[in-house]
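Data block below; observations after.
Read-outs: derived from the displayed coordinates by stated rules, not from any lab. Every value quoted in this text rests on a predicted model; they were computed, and no experiment measured them. Ideal geometry is used to build each Cβ from the backbone, glycine not excepted, and the neighbour counts take in all protein chains shown.
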Ligand code: SF4
């Protein structure tokens with residue numbers, strides 16, 4: 001009987017762009033058990049969102065995550081505009097979708113780059129990063145910001161994308177398409193990538209259903225839970241979208257799903273740019289104040305369903321709950337690496353695309369005593 | 001002995017939103033290409049001349065940051081990047097906030113922004129050598 005030994009990775013580690021402490025219990029080189037120790041990126045996102053006017057909260061909601069800033073904005077606005085019954089013009093709806101889809105492209109390219117880096121293919125990493133940089137240029141042109149786009153307000157957008165802006169977006173996408181097609185071909189046929197990804201980190205369809213996985217991870221197991229398709233919102237109602245699905249459920253399938261989604265997103269941006277109605281969306285001040293109400297809403301972030309619950313009381317947010325896609329997928333991480341060879345762990349973890357920063361939640365136990373909250377109290381956001 | 005060129009950089013995300021991290025990562029891409037300055041990203045702080053810190057330092061991270069700082073080779077240079085690292089940014093009064101970075105370890109250069117552009121991050125790192 002062998003004893004397992006602890007193999008720690010993190011929290012500061014070059015291949016983790018975020019602080020995550022991964023404890024692997026290994027026997028020889030086989031992973032017997034894995035524990036993901038979190039809390040290194042916790043910063044009280046939800047607490048920060050309480051007691052704010054909706055427009056101010058929007059500023060903080062975007063800063064939940066540096067990768068999917070627009071998707072948080074969309075989920076939040078969908079919720080708020082839903083319960084406050086704010087109609088948005090078609091142009092605003094499509095502008096939001098353009099930014100969101102560009103964001104998906106940049107997120108997937110970043111992911112693909114880091115994944116190739118994990119596989120030891122640094123040239124491909126650089127290629128993907130080069131193409132991603134061009135998408136950031138488009139953000140810069142459209143919204144004025146590279147990372148946190150801050151382009152929307154309740155019911156409207158802060159700026160109108162001009163004809164030149166949209167042309168720039170389209171020509172940039174055109175210019176990277178050819179390269180991406182050839183990278184995708186490489187990823188699909190490269191022996192190293194195939195050897196290290198096929199059959200690794202296998203998730204069965206049944207497991208994916210049981211654990212309620214979301215996003216490309218679930219779509220690689222042939223489960224279509226794309227929010228854009230199942231409950232279209234904003235501009236997606238006007239666009240035609242194909243879900244990318246595969247059946248294998250391994251790391252290679254997840255890679256290809258994401259790369260194919262990049263092309264699908266390009267297609268969506270093109271459709272949106274062609275359909276966008278003329279006119280200006282410069283906001284009419286004052287923007288509608290939201291006094292009361294609560295509701296839920298979801299958007300499809302690059303990593304899957306991003307779910308928001310927002311409650312507004314007396315013009316201030318009383319509770320905002322964010323359920324980010326990594327939180328839904330995290331439950332699968334230890335399962336996916338169990339039984340794997342330790343050299344495959346980086347590839348498997350990366351193929352699940354963790355985004356830790358937006359996911360960190362803790363229960364603060366101030367004096368070491370536990371507290372019991374009823375569901376009613378939780379819903380109201382305060383204890384009697 | 002102080003070096004003039006080609007600093008090796010170690011990087012620690014002490015609890016940020018990823019925005020700053022991505023911009024640091026973007027510095028290595030072919031457009032900004034920090035290798036021009038001989039800058040290399042190193043895994044361990046023991047091999048690094050400059051430590052780059054982003055994010056608010058949360059309570060759980062505080063001891064890690066100190067630990068990493070201790071491992072850093074002399075003379076220790078720290079570059080704090082982003083509003084979060086400088087002041088706490090929008091998370092200033094959060095219950096998890098134990099920073100800002102300069103409250104915990106001495107900081108050589110501050111790079112403001114949310115997030116700062118790669119150009120200013122590179123400038124900050126080079127500035128730290130002076
Ligand atoms: S300064 Fe801004 S971009 Fe950087 S970690 Fe903080 S919130 Fe994110």
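So here's what we get for this one:
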| quantity | calculated |
| --- | --- |
| Hull-based mean projected area of region A:69-219, where the convex hull spans the alpha carbons, in square nanometres | 10.9 |
| FRET E, pair residue A:5, residue B:36, Förster distance 30 Å, beta-carbon r, rounded to 0.05 | 0.10 |
| Cα point-scatterer Debye curve for region A:1-75, base-10 log of I(q)/I(0) at q = 0.17, 0.20 Å⁻¹ | -0.76, -0.88 |
| Within 10 Å of each Cβ in B:91-98, the average number of Cβ atoms from other chains | 5 |
| Crossing angle, helix B:118-127 versus chain B [Cα axis fit, 0-90 degrees, rounded to tens] | 70 |
| Per-pair calculated FRET efficiency, R0 = 41 Å: residue A:189 and residue A:141 via Cβ, rounded to 0.05 | 0.75 |
| Separation in nanometres of the label points that stand 7 Å from Cα toward Cβ, at residue A:230 and residue A:313 | 3.1 |
| Estimated distance in nm for a label pair at residue A:238 and residue A:158, the labels positioned 7 Å out from Cα along Cα-to-Cβ | 2.2 |
| Exercise: per-residue mean of other protein chain Cβ atoms within 10 Å, B:19-31 | 6 |
| Gyration tensor over alpha-carbon atoms, region A:133-198, equivalent ellipsoid semi-axes in Å | 34, 15, 9 |
| Binned Cα-Cα distances of chain B, short to long, each 5 Å bin given as a whole percent | 2, 12, 24, 25, 20, 11, 4, 1, 0 |
| Radius ratio Rg over Rh of region A:207-358, counting only Cα atoms, Kirkwood formula for Rh | 1.05 |
| Gain in span if fully extended, residue A:267 to residue A:204, counting 0.36 nm per residue against the direct Cα distance | 19.7 nm |
| Protection-proxy order for peptides A:24-36, A:304-316, each taking the mean of Cβ atoms within 10 Å per residue, highest first | A:304-316, A:24-36 |
| Kirkwood Rh and Cα Rg combined as Rg over Rh, evaluated for region A:1-134 | 1.10 |
| Relative contact order of chain A, defined on C-alpha pairs under 8 angstrom at six or more residues apart (%) | 25 |
| Principal axes of chain A: Cα extent on each, largest first, Å | 70, 59, 34 |
| In range of the label at residue A:175: residues from region A:80-103 whose backbone nitrogen is under 15 Å from the point 7 Å along Cα→Cβ | none |
| Proxy reagent accessibility, fewest Cβ within 10 Å first, across B:8, A:111 | B:8, A:111 |
| Region A:175-210-region A:120-155 distance, computed between alpha-carbon centres (Å) | 23 |
| Between region A:245-300 and region B:12-75, the alpha-carbon center distance in angstrom | 32 |
| Shielding score for A:57-68, defined as the mean number of other chain Cβ atoms within 10 Å | 3 |
| Along each principal axis, Cα extent of region B:12-57, largest first, Å | 30, 26, 12 |
| Dimensionless Rg over Rh [region B:33-73; C-alpha; Kirkwood] | 1.05 |
| Mean Cβ count within 10 Å, highest first, over the residues of peptides B:69-80, A:141-152 | A:141-152, B:69-80 |
| C-alpha long axis of helix B:59-71 to longest principal axis of chain B, angle in ° | 30 |
| Peptides ranked, highest mean first, by Cβ atoms within 10 Å: ranges B:10-16, A:43-49 | B:10-16, A:43-49 |
